[in-house]
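Report on the following structure.
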Number of protein chains: 2
Amino acid sequence: MTELSEEQIEIYLAQVSGWTRNDQKSMQKIYRFKRFLDGVRFVTQVADVAERLNHHPSILIDYRIVTISLTTWDAAGLTDLDFTSAANYDAEYAVAEHQ
Amino acid sequence: MTELSEEQIEIYLAQVSGWTRNDQKSMQKIYRFKRFLDGVRFVTQVADVAERLNHHPSILIDYRIVTISLTTWDAAGLTDLDFTSAANYDAEYAVAEHQ
């Protein structure tokens, strides 16, 4: 898995919604929920995706706010796998109870 | 819910295992798991306790490490509710798959 170039990252970021870069090496998104347990349920779905892709994000649950951070340790930066993961999490959020 | 005194906090901390104070106002514990999904399952159990007590910790999942932080916002410090929560989480961890 090779680190993406700056140009590739900008193109990919334009294709996902709400993801922002923390720094050169990682990106994050804040997901909001109406109820605490809806956020927790979403986290279990993200975890299933993570296991399937064998790529594990950092997940912070702060009451009704879930913040997910992605990076690829092996590449010391962002890779295709991070954006594939992001798209999958967003798909789970789209069908999750959050309003 | 009233903020505990320094003396009370020290007594209570001596009765739980692995909890450390971040600062005057909060405390945290790092729970380790052999498998990522075991940590996630533990988080869902912690979440059920949190809903039952109506007291919600901050939860960070970093692969096989789950870090839980507790504080009581209303009291701007640590209260009985934080230590009741901690004891309940520890009880869940004791029966969780983590080795």
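The values are calculated or read from the model by the stated rules, or taken from the named source; none is laboratory data. Quick caveat: nothing in here was measured; it's all calculated off a predicted structure. Please note: Cβ atoms are built from the backbone with ideal geometry, for glycine as well, and neighbour counts cover all protein chains shown. These accessible areas exclude ligands, DNA and RNA; they are computed on the full protein's heavy atoms, side chains included. Shrake-Rupley method; radii C 1.70, N 1.55, O 1.52, S 1.80 Å.
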Can you confirm whether A:E3 is within 11 Å of chain B (Cβ to nearest Cβ) and either loosely packed, with under 13 Cβ neighbours inside 10 Å or charged (D, E, K, R) (or both)?
no
What number goes with the only condition from (1) out of contact with any strand residue (DSSP E or B) (no Cβ under 7 Å at 6 or more places or on another chain); (2) surrounded by fewer than 19 Cβ atoms within 10 Å (Cβ to Cβ); (3) away from every other protein chain (no Cβ under 12 Å); (4) of a type outside the set (S, T, Y) that B:E51 does not pass?
(3)
Find all pairs meeting these conditions: Cβ atoms under 8 angstrom apart; at least six residues apart or on different chains; first residue within the stretch B:81-96 and farther than 11 Å from B:L53 by Cβ; second residue assigned to a helix (DSSP H, G or I) and among the acidic types (D, E).
B:A96/B:D38
For the stretch A:18-60, what are the residues that are within 13 Å of the chain's Cα centre (by Cα) and at pLDDT below 95?
A:R21, A:N22
Looking at (1) of a type in the set (S, T, N, Q); (2) open to solvent by 20 Å² or more (accessible area, probe 1.4 Å); (3) within 14 Å of chain A (Cβ to nearest Cβ), which is the only condition B:T84 fails?
(3)
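May I ask you to verify whether B:Q15 is open to solvent by 60 Å² or more (accessible area, probe 1.4 Å) and either modelled with pLDDT under 95 or farther than 25 Å from A:A50 by Cα (or both)?
yes
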Please determine whether any residue of the stretch B:63-74 is facing chain A (nearest Cβ under 10 Å) and buried (at least 22 other Cβ atoms within 10 Å of the Cβ).
yes
